[in-house]
Amino acid sequence: MCGVFGVMGHKNAARLTYLGLYALQHRGEESTGIVSYDKKRTYSHQGMGLVADIFDEKAIKSLKGNIAVGHVRYSTTGSSLSSNIQPFLVKHRSGHIAIAHNGNFTNTFELREALEERGSIFQTTMDSEIIVHNLAYNKKLNYQTKVINALAPLEGAYSLVMMIDDILVGARDPHGFRPLCLGKLEGAYVLASETCALDLIQAEYIREIEPGEIVFIKDRNIESIKPFPKKKHAFCIFEYIYFSRPDSNIFGKNVYLTRKRLGAQLAKEFPAKCDLAMAIPDSGSYAAVGFAEEAKVKNEIGMIRNHYVGRTFIQPSQFIRDFRVRVKLNPIKDVIKGKRLAVIEDSIVRGTTSRARVRTIRSSGAKKIHMRISCPPIKSPCFYGIDFPTKKELIAANHTVNEIKEFMGLDSLKYLSQEGMLKAMLLPECEFCTACFSGKYPTKIPKKFSKKMLEKKGKC
Ligand code: 5GP
Ligand code: MG
């Protein structure tokens, strides 16, 4: 997962990008970067770490020009390299190109091989670099044709924000896996992964970039094209369940209200005999509101999150993850003791964090623990940009719900049904990618690609 942001036509382009990335931090904590351009040269500042740590006043001031693009990157152990920080920047005889990419191409290996045959030398393990090589290939073409030619062979997921000299380009793959939206601030156009980034800079939300659409923004003009054949939409349903920020609107709907509907649906399908409902914060909090409302039980706060620690899942090493589980959440024993609880969580991936939480709740004196999960069991890996582990590590791919219940030491465990999840979306079922639950992938997944991906290389 990653977050992308771009501004064209504003004197504070880099500062706005910094703020935009700040709002998108949840999409990736590993590295971040901003590239700007002042019609003479490009400026770049990047590093491994959080937006607030990498950029200071001096760095922001050094990023001159009225166009800027930025990126926050989420990565796995294998690709945790500083050379993989985005935006990916090249100064080429045909211009300055900077690319910020969210998603994963599924035909990376064929494309890379073909380019290497042609003489390209790759600098990174990122799939996004393919675009640069394609863009730089035919310098005689105009920039629109170059972009179309560069994106045409790509398969899989991409929401892109690119800077080609003084043109800001936004593009979303024809399936529309990842979100990307367009806003406006003081006459300048802004592109962002999620609307929460527009809110922070007080930009007006204009619309989503549509699946298969490319926009070219020069000065304060925007041109939109849809050069590719239409494909079946495949909006990532997990963006709603976990990944996007609840104050964002993606794919036309608010994330918080969607999570609340998921919780309500969960209560309809699997009510629990309980004294109170409580969420595992923060990710379970929104579904818990809907669950409690529908089940007509009290929604209590039973655990407090220490906000000074980052997302546990994002840390690549197992040692740190276990430590962070303990440091991050503390139960309120006086709320939990002697109670029958409905414990609401958004999802279970490996099962290790949830198990540790259940143990903590149990040791705080809970009488019964009925865990309710606001999505179905995750059984298949994601090849489109969500950092799910291999099938081997996905607990629901290898164990029945009853086995998971036993493993976690629960009194009951229920997952929302696939039908129930789709019902809560208020969009037709055919609009979504549900591959992680259903195993039905909306695109071909080449064997070589899936094998490499599962070894976790070059992933964004
Ligand atoms: P598990 O019990 O599977 O070890 O961890 C489940 C927790 O991980 C849940 O709280 C869920 O919110 C969180 N989670 C699910 N998917 C992701 C993800 O892709 N990234 C991060 N950071 N956390 C996730
Ligand atoms: Mg969570």
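The values are calculated or read from the model by the stated rules, or taken from the named source; none is laboratory data. The shown structure was predicted, so the numbers you read here are calculated from the model rather than taken from an experiment. No Cβ is skipped: glycine too gets one built from the backbone with ideal geometry, and neighbour counts run over all protein chains shown. What goes into the accessible areas is simple: the full protein's heavy atoms, side chains included, and nothing from ligands, DNA or RNA. Shrake-Rupley method; radii C 1.70, N 1.55, O 1.52, S 1.80 Å.
Can you tell me which of Ala150, Ala136, Ala114 is under 14 Å from Ser94 (Cβ atoms), more than 26 Å from the chain's Cα centre (by Cα) and of a type in the set (A, V, I, L, M)? Talk me through it step by step, then tell me what you get.
Working: Ala150 fails: more than 26 Å from the chain's Cα centre (by Cα); Ala114 fails: under 14 Å from Ser94 (Cβ atoms).
Just a single option satisfies the conditions, and that option is Ala136.
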From the list His45, His96, His71, which one is part of a strand (DSSP E or B) and within 21 Å of Met453 (Cβ to Cβ)? His71
Only one residue in Ser283, Ser244, Ser224 is more than 14 Å from ligand 1 (Cβ to nearest atom), among the polar types (S, T, N, Q) and touching an Asp or Glu at 6+ places or on another chain (Cβ under 8 Å). Which one? Ser224
Being modelled with pLDDT of 95 or more, farther than 17 Å from Val69 by Cα and open to solvent by less than 20 Å² (accessible area, probe 1.4 Å), is that true of even one residue in the stretch 211-222? yes
Restricted to the stretch 292-343 and to residues being open to solvent by 40 Å² or more (accessible area, probe 1.4 Å) and of a type in the set (A, V, I, L, M, F, W, C), the residue modelled with the lowest pLDDT is Phe313
For the stretch 228-241, check the following and say yes or no: at least one residue is out of contact with any His (no Cβ under 6 Å at 6 or more places or on another chain) and more than 18 Å from Tyr158 (Cα to Cα). yes
Please enumerate the residues belonging to the stretch 136-163 that are of a type in the set (A, V, I, L, M) and touching a residue at least 40 places away in the same chain (Cβ under 8 Å). Ala136, Val147, Ile148, Leu151, Ala152, Leu154, Ala157, Leu160, Val161, Met162, Met163
In the stretch 268-286, anything under 18 Å from Gly420 (Cβ atoms) and open to solvent by less than 10 Å² (accessible area, probe 1.4 Å) is listed as Ala277, Gly284
Just to confirm my filter: which strands (runs of 3 or more DSSP E) fall fully inside the stretch 326-444 and include at least 2 residues that are among the hydrophobic types (A, V, I, L, M, F, W, C) and either more than 16 Å from ligand 2 (Cβ to nearest atom) or within 27 Å of the chain's Cα centre (by Cα) (or both)? 340-345, 368-373
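Mind telling me which of the residues Leu111, Leu89, Leu115 ends up being hydrophobic (A, V, I, L, M, F, W, C) and either open to solvent by 60 Å² or more (accessible area, probe 1.4 Å) or part of a strand (DSSP E or B) (or both)? Let's see the steps before the verdict.
Numbers: Leu111 fails: either open to solvent by 60 Å² or more (accessible area, probe 1.4 Å) or part of a strand (DSSP E or B) (or both); Leu115 fails: either open to solvent by 60 Å² or more (accessible area, probe 1.4 Å) or part of a strand (DSSP E or B) (or both).
Leu89 is the lone residue from the list that is hydrophobic (A, V, I, L, M, F, W, C) and either open to solvent by 60 Å² or more (accessible area, probe 1.4 Å) or part of a strand (DSSP E or B) (or both).
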So, in the stretch 23-51, how many residues would count as being of a type outside the set (D, E, K, R), surrounded by fewer than 20 Cβ atoms within 10 Å (Cβ to Cβ) and at pLDDT 95 or above? 4
Has the stretch 187-200 got any residue that is open to solvent by 10 Å² or more (accessible area, probe 1.4 Å), more than 24 Å from His26 (Cβ to Cβ), touching a residue at least 24 places away in the same chain (Cβ under 8 Å) and aliphatic (A, V, I, L, M)? no
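How many residues does the stretch 238-274 hold that are of a type in the set (D, E, K, R) and either within 14 Å of Arg178 (Cα to Cα) or touching a Leu at 6+ places or on another chain (Cβ under 7 Å) (or both)?
Applying the first criterion (of a type in the set (D, E, K, R)) to the stretch 238-274 yields 239, 245, 247, 253, 259-261, 268-269, 273.
Those still in the list that are either within 14 Å of Arg178 (Cα to Cα) or touching a Leu at 6+ places or on another chain (Cβ under 7 Å) (or both) too: 239, 245, 253, 269.
The qualifying residues number 4.
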